[in-house]
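The block underneath contains the structure these notes are about, expressed in structure tokens.
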Amino acid sequence: MNDARLRMVRLGFTLLFALIAVRLFWIQVVQAPGLRAKAHAQSRMRQILSAPRGEIVDCDGAVLAADGAAGREWPSGPVALPLLGMVGRDGTGLMGLEYSFDKDLRSVPGWKVARRTARGGAWPSFDGEGSGPRQGLTVVTTLRLGLQSEVEKILAEAVEAHDAKGGVVLVMEAATGDVVAAASLPSPASRADMARGRVDAGLVHRTYEPGSTFKAITLASALENRQVTLDSKFTIGASFDPGDGSSPIRDSHAHPGTFSALWCFQQSSNVCFSLIAQRVGQERLYRTARDLGFGTPSGLGLPGEEAGILRTVDNWTPRTLPTLAIGQEVTVTPMQLASAYAAMANKGVLMKPRLVKALVDGHGDTVERIEPRPVRQAISEHTASEVLRAMAMVVDSGTGSLAAVPGLRILGKTGTSQKVDVATNKYFQDRFMASFIGIIDLGRRPVVCLVVLDDPTRAGHTGGLAAAPAFARIARFAVDDPTGPWGAGAIDRQGALQSWISREHKPKTDSVPLAIEKAGSEAPG
């Protein structure tokens, strides 16, 4: 090989090694940070960490709804399902509290970085990078599981016993507005029922004409505006003519004569309350009803709440005043009616109803506390006290005697309203809504309970016969339940009983004389 060719070969090798050196420098020095990052990324994997949706619990922490192996489950059984609602396949709340508190119940996913194995899986150990998941907040309700279960049982038995189409029961504490139990029938019994849309929280979604239970509002308006006292006398006949050419208003059992306003309330006289309404007047009756929460949603917090119908006075006919006074031409939700009666038991103060009292995080710390909130002083304390006195007579010797519970002071009012035929816009003559709403006098913690049966057709269709006995069973269970705050050993209950015993055994010099003894059954409407 000549020298020229040898030099060319040497130069070639020199250039080759130079290129290799430059390439190595480029890779190992210039590109090293990027390549190291790429290699690091290829050897690691980002993992999304899920967390459970928040639980819904009763006031004592019993779990009502929680995530499980098969999705959303109800560890305490299918209780309060219309209130709890359901979630969709994507975990989004669709109905009930699951919908109303969806943003609070939703969890926040976390993430972690893991080393990738040769097969693409993750090494058991993780790097320190990442952010832990956050489970959804726990929604603490005001419900009491034991009472809720018993209420559902009693309602089902009452519906069956009277062959009714359905019904609603609502139990709440008057001083706080807390809903401690609520049941409705028909009701979903499974996830499949709920998926078919069979979810109806009857306490805010069903409206009906309240019938004679509305007479407490009429009486409150008359007393508040000083148009009558419980001693005021009314001479009543067999019927009342509204004066517009329409059919007269009647009692189911006519008792012509002169009677006190207290007797009229005790015996639920439609004719007498038509006369009382004339003294009250349109504006006063409308204002009292509005102040007690009718015609507007209660604000309980469940989606789709109905407002009911309470027409403004400019839309009234000559017949509206006397018929509204007896609970017709007005529709209410059970929640509205119970809240109004709770106001009477709460010295005239209307409370915003409360179904949720707190939101709690995974560490047990309270994130938000929802306190009881007064809405307004709807009626005076004196008026409320007088209405309660009249309600006590309804149970002691009036149409609500079957609601009495030995050892308890019960106050209440019966209601029997005719259902409306939507096809003809006229009242059915043989289809009714039977109701009883009562107050259990427990001192500082009075409890209101409303029972409504839809179209009872067997063993009595009136509120006094169909609804009052169910109320008595619920009241007895509520105060005997050792897990509840109103049990036999509760301070409030003992104080209330002693106060009642003292009142009952002192001379009744201020009692209102009744014109006649108990007179027949309750008047419909």
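The values are calculated or read from the model by the stated rules, or taken from the named source; none is laboratory data. Computed from a predicted structure; not experimentally measured. For neighbour counting, all protein chains shown are included, and Cβ atoms are generated from backbone atoms with ideal geometry for every residue, glycine included.
Have a look at 213, 229 and point out the one that is touching a Leu at 6+ places or on another chain (Cβ under 8 Å), polar (S, T, N, Q), modelled with pLDDT of 95 or more and buried (at least 24 other Cβ atoms within 10 Å of the Cβ). Explain how you work it out, then say what you get.
Details: 229 fails: buried (at least 24 other Cβ atoms within 10 Å of the Cβ).
Of 213, 229, the one residue that is touching a Leu at 6+ places or on another chain (Cβ under 8 Å), polar (S, T, N, Q), modelled with pLDDT of 95 or more and buried (at least 24 other Cβ atoms within 10 Å of the Cβ) is 213.
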Considering residues that are without any contact (Cβ under 8 Å) to a residue 40 or more places away in the chain and polar (S, T, N, Q), the number found within region 397-419 is 0
Can you name every residue in region 389-439 that is over 20 Å from residue 165 (Cβ atoms), in contact with a Pro (Cβ under 7 Å, 6 or more places away or on another chain) and surrounded by fewer than 24 Cβ atoms within 10 Å (Cβ to Cβ)? 402
Could you grab me the full set of residues in region 222-259 that are of a type outside the set (A, V, I, L, M), touching a helix residue (DSSP H, G or I) at 6+ places or on another chain (Cβ under 9 Å) and part of a strand (DSSP E or B)? 233, 234, 235, 239, 240, 250, 259
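Among the residues of region 448-471, which ones are surrounded by fewer than 24 Cβ atoms within 10 Å (Cβ to Cβ) and outside any strand (DSSP E or B)?
Matches in region 448-471: 455, 457, 458, 459, 460, 461, 465, 469.
Of these, 284, 279, 290, which one is out of contact with any helix residue (DSSP H, G or I) (no Cβ under 7 Å at 6 or more places or on another chain), surrounded by fewer than 24 Cβ atoms within 10 Å (Cβ to Cβ) and in a helix (DSSP H, G or I)?
On the way: 284 fails: out of contact with any helix residue (DSSP H, G or I) (no Cβ under 7 Å at 6 or more places or on another chain); 279 fails: out of contact with any helix residue (DSSP H, G or I) (no Cβ under 7 Å at 6 or more places or on another chain).
Residue meeting the stated conditions: 290.
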State which residue is surrounded by the fewest Cβ atoms within 10 Å (Cβ to Cβ) when the search covers only region 293-323 and only residues that are in contact with a Phe, Trp or Tyr (Cβ under 8 Å, 6 or more places away or on another chain) and within 28 Å of residue 177 (Cβ to Cβ). 312
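One line per residue, one yes/no per condition, for (1) under 18 Å from the mean Cα position of the chain (by Cα); (2) of a type in the set (Gly, Ala, Ser); (3) at negative phi:
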residue: 133; (1), (2), (3): no, no, yes
residue: 142; (1), (2), (3): yes, no, yes
residue: 163; (1), (2), (3): no, no, no
residue: 172; (1), (2), (3): yes, no, yes
residue: 190; (1), (2), (3): no, yes, yes
residue: 203; (1), (2), (3): yes, no, yes
residue: 209; (1), (2), (3): no, no, yes
residue: 227; (1), (2), (3): no, no, yes
Taking region 354-388, which residues are touching an Asp or Glu at 6+ places or on another chain (Cβ under 6 Å), outside any loop (DSSP other than H, G, I, E, B) and crowded, with 18+ Cβ neighbours inside 10 Å? 354, 359, 383
